[in-house]
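What follows is calculated from the coordinates using simple rules that are stated; it is not laboratory data. Everything quoted here is computed from the prediction, not taken from an experiment. As a convention, Cβ positions derive from the backbone with ideal geometry for all residues, glycine included, and neighbour counts pool all protein chains shown.
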Amino acid sequence: EQGYRAPGLRGVQTTTLFRAINPELFIKPNKPVMAIGLLTLSLCVGYLGYLHATTENKQDLYEAIDSEGTRHMRRKSSRWD
């Protein structure tokens, strides 16, 4: 039993600086905090997707008159399109 150490990095002798720089290697996972973080991240990604979807539908229309005098409805576009 003398040669047996705890598995993982908790049994390894490290410096305080290494533990301060890499706390995620030594701290036990906190499931409620992970759940809140995952929910928050999912809501942020969903909101960005919602903004992207509504922006595509908001492309403004304008009435254009061609050289023959007929009117057409066109979407505004940039020179890059």
| note | A convex hull over the alpha carbons of region 30-75 yields, per residue, a volume in Å³ of 34
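Among 64-70, 39-45, how do they line up by average Cβ neighbours within 10 Å per residue, starting with the highest? Each step should come with its number before you reach the end.
Values: 64-70: 7.3, 39-45: 10.0.
The densest-packed peptide leads the list: 39-45, 64-70.
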| query | Fully extended, how many nm does the chain gain between Trp80 and Ile36 (0.36 nm per residue separation, minus their Cα-Cα distance)? | reply | 11.7 nm
